[in-house]
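A short write-up of the structure that comes next.
The values are calculated or read from the model by the stated rules, or taken from the named source; none is laboratory data. Computed from a predicted model, the values in this text were never measured in an experiment. Every residue, glycine among them, receives a Cβ derived from its backbone with ideal geometry; neighbour counts consider all protein chains shown.
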């Protein structure tokens with residue numbers, strides 16, 4: 001018995017010694033340092049984002065104390081004057097839909113009840129009328145028809161790109177001819193009543209940016225999405241980088257994403273792994289053929 005225990009201890013010592021040599025090698029140390037640097041950079045990014053948003057919240061509370069009860073919508077209460085609101089640009093909100101989950105209806109309600117004062121239209125785009133979302137969103141539009149400019153668009157089946165991108169591009173074709181900005185929204189996020197106004201205000205700081213980029217296929221933004229595009233975010237980001245276009249993310253552009261009540265940790269991890277696998281594949285395609293699949297965030301000019 002004692003001999004067996006001694007043998008096991010010796011084997012364990014040998015394993016630990018081998019692991020120690022492995023993790024002390026030059027390559028292993030380099031990988032560990034690289035991992036620590038990546039974690040530190042990510043942590044720094046989160047910390048900076050927290051400080052920026054904390055400053056915005058602090059300013060908002062101060063303005064409310066100073067008398068601006070609508071500080072959650074805009075910094076300057078004078079911006080809510082009718083003379084200002086009537087001159088706001090038209091915005092088209094395009095939402096590609098697929099399926100109907102437990103939070104979808106509430107998500108859509110927060111999106112269509114925006115307090116944006118300018119002309120605003122919503123286009124809910126899906127593959128076919130057989131999609132479970134079709135009847136749900138149709139009933140929602142009927143419920144708000146007196147206070148809402150919205151319609152359901154059936155895009156048909158995609159053959160050259162992801163169904164989501166296909167739906168988005170069909171939405172662009174169907175949007176109002178006078179829309180200056182197009183906002184692509186996922187159907188699984190919720191909006192603050194002032195989000196669309198805040199995003200539009202940010203876009204107005206760069207007046208050369210507008211929806212004509214899509215209408216005229218400027219920089220190949222439509223063709224590159226249509227011809228093999230998988231990730232809209234990554235494709236547009238690649239195009240923006242190539243042509244020195246601005247990518248902006250205002251501090252107030254926060255999009256809460258409610259999780260399903262039956263979502264377990266293993267299921268979440270598997271879904272995240274699949275997303276990263278597809279994203280990695282997309283990035284490789286970008287490097288290989290320059291026909292990329294990536295794009296700017298939610299507001300695209």
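Annotations for the structure displayed:
- Residue identified as under 22 Å from residue 175 (Cα atoms) and without any contact (Cβ under 8 Å) to a residue 40 or more places away in the chain among 87, 68: 87
- Residue 246 vs. criteria outside any loop (DSSP other than H, G, I, E, B) and assigned by TED's automatic domain parsing to the domain that holds residue 87: no
- Enumeration of residues in region 150-201 that are in a strand (DSSP E or B) and surrounded by fewer than 17 Cβ atoms within 10 Å (Cβ to Cβ): 151, 154
- Residue ID - modelled with the highest pLDDT, chosen from residues in region 257-273 that are surrounded by 12 or more Cβ atoms within 10 Å (Cβ to Cβ) and part of a loop (DSSP other than H, G, I, E, B): 258
- Residue match in region 21-35 (condition: in a loop (DSSP other than H, G, I, E, B), more than 18 Å from residue 192 (Cα to Cα), at pLDDT 85 or above and out of contact with any strand residue (DSSP E or B) (no Cβ under 6 Å at 6 or more places or on another chain)): no
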